[in-house]
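Below is one structure, written out as structure tokens; the observations come after it.
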Amino acid sequence: MPGRLSFVRADRRHVDDIVSVARAIVAEMGPQRAALPESLTAEALARRMARYRGRGAIFLAREGRRPVAFAMLEPERDDPQTFALGVWVLPEHRRRGLGRELALMAIEHARARGCRRLRGLIPPENEAALSFFGDIGAYAQAVGGGMQYELPL
Amino acid sequence: MAGVNQRAYLVLEDGSVFPGRLFGAARPIHGEVVFSTAMTGYQEMLTDPSYAGQILVLTYPLVGNYGINAQDVESRRIQVQALVVREACETPSHWQAEMTLHEYLASQDVPGLQGVDTRALTRRLRHHGVMMGAIAVDETPREALERLRGQPRYGTIDLVRTVTASTPYEWEEPPRRRYHVAVVDSGLKYNILRLLRERGCQVTVLPCTVTSDELLEMGIDGLVLSPGPGDPALLDYLVATAKALVGRLPILGICLGHQVVGRAFGARTYKLKFGHRGANHPVKDLLTGRVHITSQNHGYAIDADGLRGGIEVSQVHLNDGTVEGLYHPSLPIITIQYHSEASPGPMDNVYVFDRFIEMLREYGGSR
């Protein structure tokens, strides 16, 4: 019987959970299509989270105790009103609304910190990502060799 | 293998990508992407030849809810390249409905895309202007964009020749024949013929390549230059026909026919940023001061500055001031940029056909 779904804003205690989801997704679709580093470690992720200083955030979804999805929200260096958002969901948990729920948490967090728009790259050949961002209202555009999305807040 | 409900994309030439799901036929296509704000009348719009070469986006969020019937067609086939909607209804309800929108599109191999954020798409087209687009099926948006860039642009093709009647034909005889009218088919809608017939006109429909001499030899009482698709600047042959008949026959020009008459009187035409497509466009009659709510479907307009030969602007669009009608104080010519035949849209403007009949009577006398 599946456990209860829960969503949290992640902190250092959750880095292993996040890394486990990231590695599973990289194994499924490869680092390029997943838009994740091939060898993400808990230490590297913890250092990354430390740099957020309360502006960026990672949100984690769990079913029971098992981590199943996460969203990463990071402010852009050059533009304090623009944040990058990425969402990753384990294959067997897709089409359940987890990504949308995580994106809504990230959007609320970003808005509260003066964010005016979310932006990010959509990996080539990742049609699920393109559909996901289209479905949450983002505007997608083919730029150069890839795709990017923008979601005004 | 492509199929219904498969994920597909509308890709605009600026790289914008709008995801959706296929319905109708599952095949890639390209065309100029335009939007219509009409809330009903999708069957009339689909079969309106003025939409030839275009991918039609409907802003109304639910389309297909009253199905498809045999009565509401405006030409012999679906004319749009593809249809893009927010939601295509799968369970229509109407006593005349014979099939669903999906079945209709599929029966004529025309693709549809639903689930599209048509508000965002329309805002993009309004802001940046109409542009070419492609429906991507079994290909990435990037591949569709590359394919699109290899296609001819909408304004470079004489689309009138693709939709015109291949041979002359007679419309159904009126119960009491008063006049014989020729309609030059540049992409006409059947309701023009229906409304002429209701007013006692025997109607002969002719291909767009008919010459002025051929028309005069027919002994007709008047001429209608029909609506149609594409850039009027490509239609020198139609302009020459109209020019040769000015003052020799009563002429009614509708939409593209209005632009052809404008060109015959020296005006140039230009492309509108996103065109007028919908069923509630306000037009002011400068002679009466009255405002008409009109049905419109055009992407080009007349520049009044070039008009010569005594023809005058009779009507203007209240949203952007563009020319919506012409009349000549001493010659039997009236033109309108909008669709007096409606289908879809308000029937408020069928008076234009009554005026044309008056012109026939004054010019040639009733038979």
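The values are calculated or read from the model by the stated rules, or taken from the named source; none is laboratory data. Worth saying up front: this structure is predicted, and the values here are computed from it rather than measured. Cβ placement follows ideal geometry from the backbone for every residue including glycine, while neighbour counts extend to all protein chains displayed. Accessible surface is based on the protein model in full, side chains and every heavy atom, while ligands, DNA and RNA are left aside. Shrake-Rupley method; radii C 1.70, N 1.55, O 1.52, S 1.80 Å.
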Please verify whether the stretch B:142-158 includes one or more residues that are in a strand (DSSP E or B) and either facing chain A (nearest Cβ under 10 Å) or open to solvent by 10 Å² or more (accessible area, probe 1.4 Å) (or both).
no
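Rundown of residues vs (1) open to solvent by 40 Å² or more (accessible area, probe 1.4 Å); (2) more than 20 Å from A:TYR149 (Cα to Cα); (3) hydroxyl-bearing (Ser, Thr, Tyr), yes/no style:
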| position | (1), (2), (3) |
| --- | --- |
| A:LEU40 | no, yes, no |
| A:LEU45 | no, yes, no |
| A:ALA50 | yes, yes, no |
| A:ARG66 | yes, yes, no |
| A:PRO80 | yes, no, no |
Any residue that is open to solvent by 10 Å² or more (accessible area, probe 1.4 Å), at pLDDT 95 or above and within 30 Å of B:SER166 (Cβ to Cβ) - is there at least one of those in the stretch B:46-59?
yes
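Pick out, from the stretch A:97-153, the strands (runs of 3 or more DSSP E) lying fully within it that include 2 or more residues that are within 14 Å of chain B (Cβ to nearest Cβ) and farther than 16 Å from A:THR82 by Cα.
Details: elements: A:117-122, A:139-143, A:146-152.
So the answer is A:139-143, A:146-152.
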Just one of (1) within 21 Å of A:SER20 (Cα to Cα); (2) out of contact with any Ser or Thr (no Cβ under 6 Å at 6 or more places or on another chain); (3) open to solvent by 50 Å² or more (accessible area, probe 1.4 Å) trips up A:LEU60, so point out which.
(3)
Output the residue which, of all residues in the stretch A:42-92 that are farther than 19 Å from A:GLU28 by Cα and of a type in the set (Asp, Glu), is nearest to the chain's Cα centre (by Cα).
A:GLU74
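Sort through B:VAL163, B:VAL181 and tell me the only one that's under 22 Å from the mean Cα position of the chain (by Cα), farther than 24 Å from B:ASP236 by Cβ and open to solvent by less than 10 Å² (accessible area, probe 1.4 Å).
On the way: B:VAL163 fails: farther than 24 Å from B:ASP236 by Cβ.
After applying the criteria, what remains is B:VAL181.
Only one residue in A:ARG119, A:ARG113 is surrounded by fewer than 20 Cβ atoms within 10 Å (Cβ to Cβ) and touching a Ser or Thr at 6+ places or on another chain (Cβ under 7 Å), so which one is that?
Numbers: A:ARG113 fails: touching a Ser or Thr at 6+ places or on another chain (Cβ under 7 Å).
Of A:ARG119, A:ARG113, the one residue that is surrounded by fewer than 20 Cβ atoms within 10 Å (Cβ to Cβ) and touching a Ser or Thr at 6+ places or on another chain (Cβ under 7 Å) is A:ARG119.
Does the stretch B:102-113 hold any residues that are more than 14 Å from every other protein chain (Cβ to nearest Cβ) and touching a residue at least 24 places away in the same chain (Cβ under 8 Å), and which are they?
If the condition is that a residue be more than 14 Å from every other protein chain (Cβ to nearest Cβ) and touching a residue at least 24 places away in the same chain (Cβ under 8 Å), then B:HIS102, B:GLU103, B:TYR104, B:LEU105, B:ALA106, B:GLN108, B:ASP109, B:VAL110, B:PRO111, B:GLY112 are the ones that fit.
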If I filter the stretch B:114-131 for residues that are assigned to a strand (DSSP E or B) and within 14 Å of chain A (Cβ to nearest Cβ), do I get at least one hit?
yes
